[in-house]
Amino acid sequence: MTNNRAALGEMLTDLVELGAIEFRPEPIDAIVERRLKAIWAARSCPNCGEKSLHALDDSKRIWCGRCDWKTTYTRGTPFYDSELAPGEFLIAFILYADTHLSINQIAFLLSPTYKTLHGCIKETESAFVRGFPTVWDRISQTVGGPTQVDETQQECSGYKGQDPPREGLDRGGSPDGGRTRWSGEQGDELTLVAGCRDELRVVSAEEETRYDEELGPVIEEVDDLSQPLGEVWTDELPAYQAMDHDHQTVCHDDEYVTDDGVTTNQVECLWSLIQPWLAKFRGLSKQGLEQAARSYGFLRSLNLSHAPVHGIVDCIAVNVFR
Ligand SMILES: [Zn+2]
């Protein structure tokens, strides 16, 4: 085994090696097929505009009864034409987004080649992040109360515009292999901004240097996902006074909760969860950090609202045809 510096998951890996744990994607394959076919059946034909399409339980095919247009139910999703089964995608994505296991470790648990799995997870993540707002809009009608907003600095990898080299893909170079040995120049810093409202968690990465410009996009996004926005709570920095939302501030030098009950504890809690999760990447590009942080926030929202696994499937699939 090469990934012998993992902070977590070594014993789990041993259990898999001993044959004590086996992943069975079939039950999830069935969920994916059912959800995707339901989405297709509710769509109109892209060829002739017929109001609905046909899907049968025992066939992968989707077809139009009027013009005979055909496709397969995975079309337009990351599951289409992949060597991984949909259930394997989902297991890999959940292990990636909901645990501290590295993609390397997940690849070992599930057995496909690392490169394939990395691509599958990133593709699934991108579809998940894109589809979340639509699905969230449908599943949560009860989001209310104040929005807590806070920011924190996060360093990117020194590799401009790309992730650092991955373990297992090194060709030559360091005899020890593995990017734990990598010591490039320090990367750029991004500001992570999070907005928490009830169960909703929105995280974004900003390059702006003015406080109100950093916080603005997240506040607008929380507003989009849970309107009307109402009160915004943040810690106290002078630039924030310029923002045109109703807001209350808590000054952390003095107290964590004001007499009025104003606090940013939800965001502090989110940081305490997301920081160790981000650490497993050992450096991300700006783009990679932005996507990873967003997907963590959205998955956390689904977890907090006790959404079932098919909630993730819906996020991934909802943009088929768009
Ligand atoms: Zn048609």
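Brief remarks on what is shown
- Index of the failed condition, VAL32 passing every other in (1) more than 16 Å from the ligand (Cβ to nearest atom); (2) among the aliphatic types (A, V, I, L, M); (3) over 16 Å from HIS310 (Cβ atoms); (4) surrounded by 14 or more Cβ atoms within 10 Å (Cβ to Cβ): (3)
- Test result for GLU125, surrounded by 15 or more Cβ atoms within 10 Å (Cβ to Cβ) and not hydrophobic (A, V, I, L, M, F, W, C): yes
- If only residues of the stretch 42-97 that are within 16 Å of the ligand (Cβ to nearest atom) and of a type in the set (A, V, I, L, M) are counted, the one that is farthest from PHE281 (Cα to Cα) is LEU53.
Throughout, read-outs are computed from the coordinates displayed, never taken from laboratory work. What you are looking at is a predicted structure, and each value in this text was computed from that prediction instead of being measured. With ideal geometry, Cβ positions are generated from the backbone for all residues, glycine too; neighbour counts draw on all protein chains shown.
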